[in-house]
Amino acid sequence: MAVKESARTLAWDDFRLIDAVAVTRNLPAAAARLGLDHSTVFRRLKAIEATLGQPLFERHRSGYALTPAGEEMAALAARVDDDITTVTRRLAGQDVAPSGEVRVATSDSLLSDLLMPMLAGFRAANPAIRLDIVTGNAALNLSRRDADVAVRATDNPPDTLVGRRAARIAWALYGVAGAEHPLDPAESARWVCLGDNLAGLKVVRFAQAVVAPDRLAARCDTVLGLAHAVAAGIGVGHLPCFLGDTWPGLVRLAPPDPAYASDLWLLTHPDLRHTPRVRALMDHLAEAIAAKRPLIEGAAPRPVSPGPG
């Protein structure tokens with residue numbers, strides 16, 4: 001039987017599109033994921049379904065749901081993506097010189113007040129390596145190359161990653177220097193704390209348990225935002241010592257509480273740990289963080305506010 005002239009073989013980009021729609025369940029989000037516009041995704045999906053001769057998705061008010069044929073195609077797309085990721089990761093591990101790109105994932109507070117000078121020093125020493133820096137608190141999948149190196153504050157790093165514990169991050173309570181603060185910081189009339197998106201942090205659980213709702217002046221979804229709120233005088237709040245001790249106009253209201261501390265990890269995927277550019281960055285950061293350990297662990301000399309008169 002003659003094949004229609006318009007018929008074509010599906011390309012990898014078609015599978016990526018199917019996967020994106022399957023994951024996001026709507027075309028605008030799939031378009032954003034692929035870096036395309038909504039109308040392009042719509043046209044390409046219609047063309048793919050026409051080529052296959054059957055629909056891959058059912059359109060519901062709640063979103064796009066896979067048909068049985070769509071489930072098969074989405075599963076195939078996931079397998080192909082895994083194979084491509086595995087091969088590219090293995091090839092990346094065969095680099096013989098520290099060059100190319102390293103994608104670094106961390107939080108905004110770690111980046112702006114601790115890591116950025118270290119990364120600048122790394123770039124000066126390794127000009128052939130380009131840094132792609134990603135900030136945010138969401139967990140990234142290093143197995144799928146969302147990042148090559150992650151610098152995270154956690155007591156439970158994923159078992160699928162390898163790395164080293166670089167320091168122990170100390171937290172203390174801070175307020176504006178010169179302002180009147182009660183002798184017992186817990187009696188402060190106004191508090192700011194982190195939001196529920198960071199509920200895994202011990203200081204967040206403390207605030208939820210101790211601070212009455214009528215004394216909570218503000219919540220912030222990032223540690224850096226929290227530091228700005230404390231510095232603006234909105235209220236007192238817990239900050240990591242590497243941030244609070246170096247922020248102009250802030251003073252400790254109590255010594256660091258060991259119960260709130262968390263580990264600082266340098267993490268990568270096992271397939272990448274011997275890649276020269278990844279190993280060079282991991283080694284540089286480990287050495288630079290070690291030099292800053294007294295600050296990070298709250299051991300650097302720092303006066304504590306004595307409270308009012």
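The values are calculated or read from the model by the stated rules, or taken from the named source; none is laboratory data. Bear in mind that the values here come from a model prediction, so they are computed numbers and not experimental data. All Cβ positions, glycine included, derive from the backbone under ideal geometry; neighbour counts span all protein chains shown. Heavy atoms of the whole protein, side chains included, go into the accessibility calculation; ligands, DNA and RNA do not. Shrake-Rupley method; radii C 1.70, N 1.55, O 1.52, S 1.80 Å.
List of remarks:
- Once the chain from ARG61 to VAL134 is taken as fully extended at 0.36 nm per residue, the excess over their C-alpha distance is 22.9 nm.
- Beta bridges assigned by DSSP with both partners in the chain are antiparallel in approximately 60 percent of cases.
- Here the relative contact order of the chain, from alpha carbon pairs under 8 Å that lie six or more residues apart, stands at 21 percent.
- Summarising the amide proton neighbourhood of TYR64: residues at separation of 5 or more, or on other chains, whose placed amide H is nearer than 5 Å comprise ASN26.
- Once both labels are positioned 7 Å from their Cα atoms along Cα-to-Cβ, the gap between GLN208 and VAL80 label points is 4.3 nm.
- Note on the chain: with charges restricted to the Cβ of Lys and Arg (+1) and Asp and Glu (-1), its dipole about the Cα centre is near 300 debye.
- Calculated FRET efficiency for the pair THR160/GLU101, C-beta based, R₀ 22 Å, to 0.05: 0.50
- Highest-first arrangement of 188-195, 153-160, where packing means the average Cβ count within 10 Å: 188-195, 153-160
- Note that the stretch 23-33 has calculated 3J(HN,Hα) couplings of 6, 8, 6, 8, 6, x, 5, 5, 4, 5, 5 Hz, one per residue in order, obtained from phi through the Karplus relation 6.51 cos²θ - 1.76 cosθ + 1.60 (θ = phi - 60°); glycine and proline are x.
- Taken along the Cα-to-beta-carbon direction at a fixed 7 Å, the label points for ARG123 and GLN54 span 5.2 nm.
- Taking the charge dipole of the chain about its Cα centre, with +1 at Lys and Arg Cβ atoms and -1 at Asp and Glu Cβ atoms, the residue from ASN197, VAL151, PRO213 reaching farthest to the positive side is VAL151.
- Share of carbon and sulfur in the accessible heavy-atom surface of the stretch 191-280 [1.4 Å probe, %]: 58
- For ARG130, the residues whose modelled amide H falls within less than 5 Å of its own, excluding neighbours fewer than 5 places apart on the same chain, are GLY100, GLU101, VAL102.
- Estimated vicinal HN-Hα couplings, Hz - the stretch 105-120 in sequence order (Karplus 6.51, -1.76, 1.60; Gly, Pro = x): 10, 7, 8, 5, 5, 5, 5, 6, 10, 9, 7, 4, x, 5, 5, 5
- Amide proton proximity set for SER107, modelled H, under 5 Å, gap of 5+: GLY136
- The phi-based Karplus calculation (6.51 cos²θ - 1.76 cosθ + 1.60; θ = phi - 60°) puts the 3J(HN,Hα) values of the stretch 256-265 at x, 9, x, 5, 9, 5, 9, 7, 9, 10 Hz, whole numbers, x for Gly and Pro.
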